[in-house]
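One structure is given below, encoded as structure tokens.
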Ligand SMILES: [Zn+2]
């Protein structure tokens, strides 16, 4: 079974987690001034990276927290997990941690 | 190494699955300051360590998340718990919701408790990984549960009321294997 490191609970089995899409998407700082294009990008436009990708995950059936993960989309390997609000850690190219 | 031909002895469902009495339950959310105030009110320390439960008498506080605790007490303690918490928390921002009737509890106990739960729970419940005093929200097959190891061979299993039959039935089905 795939084991995911929750930044709050430690290593836990994958069925406890839900995927939350691409990470580090910032809401427009002044929403009432945002253009249609900015809203479009914020709401709908997502990367579809092949390789290491920063994603949101939620430990939905555990501590309930959202956090971020670096996952290699070609191998499904989790390279790192970190709390929401933190910058993604550097990971060695090729993946092994 | 374990003997592949080893068979656990026969067991009787009544020995390992015990419905626990009705209880008072609160879902508490709040900052460490609010948790400290709640700890004083309850006389039970709300753990700041992940996945740890503390209990004093029949009152218990189970860490479910960084700002979330499940508070459990005797059914007759509801009024005293609520009044104590409300008085101690005062204006400190927090959320306190009575969920006494949302879920029910079972004790899963005996030499096979870990094995039975492991039939549907993907966590490693070996006592080295899941020691006495550890608690967490997790899953039992398709149902969300809260597990708390209260003794080496005893777990308290909290499950939402409408899922209780599902969980108990599947545990009973797993137990058939032990008596085969
Ligand atoms: Zn967690």
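No value in this document is a laboratory result; all are computed from the given coordinates. Just so you know, these numbers come straight off a predicted model, no measurement behind them. Cβ coordinates were reconstructed from backbone atoms using ideal geometry, including for glycine residues, and neighbour counts include every protein chain displayed.
A few notes on this one:
- By the count of neighbouring beta-carbon atoms within 10 Å, fewest first, B:18, B:144 end up ordered B:18, B:144.
- With Cα atoms, 0 to 90° folded angle of helix B:78-89 axis to chain B main axis: 50
- In chain B, the calculated helix contribution to ellipticity at 222 nm averages -8000 deg cm²/dmol per residue, counting -39,500 (n - 2.57) for every DSSP H run with n ≥ 4.
- Sorting B:123, A:2, B:42 by the number of Cβ atoms found within 10 Å of their own Cβ, with the fewest placed first, yields A:2, B:123, B:42.
- Within 10 Å of the Cβ of each residue in A:3-16, the mean number of Cβ atoms contributed by other protein chains is 4.
- Hull volume per residue, based on the alpha-carbon atoms of segment A:1-85 and their convex hull, is 97 Å³.
- Largest GNM mean-square fluctuation across B:19, B:122, B:152, computed for chain B with C-alpha springs under 10 Å, falls on B:122.
- Distance in nm between pseudo-label sites at residue B:126 and residue B:161 (7 Å out along the Cβ direction from Cα): 4.0
- Once the Cα atoms are used to define both axes, helix B:164-179 deviates from the longest principal axis of chain B by about 30 degrees.
- Reported to the nearest whole Å, the Cα centre-to-centre distance from segment A:1-50 to segment B:141-180 is 34.
- 222 nm mean residue ellipticity, helices alone, for chain A (DSSP H n ≥ 4; -39,500 (n - 2.57); rounded to 500): -2000 deg cm²/dmol
- Average partner coverage of B:40-52, which counts Cβ from other chains inside 10 Å: 1
- Coarse-grained scattering of chain B at q = 0.12 Å⁻¹, given as base-10 log I(q)/I(0) from a Debye sum over alpha-carbon atoms: -0.57
- Each of B:114, B:173 has some number of other Cβ atoms within 10 Å of its Cβ, and from fewest to most they run B:173, B:114.
- Hypothetical label at residue A:91: residues of segment A:37-66 whose amide nitrogen lies under 12 Å (7 Å Cα-Cβ projection): A:50-56
- Global geometry of the protein assembly as shown, whether rounded, prolate or oblate, following the gyration tensor of its Cα atoms and the 1.5 cut on a/c: oblate
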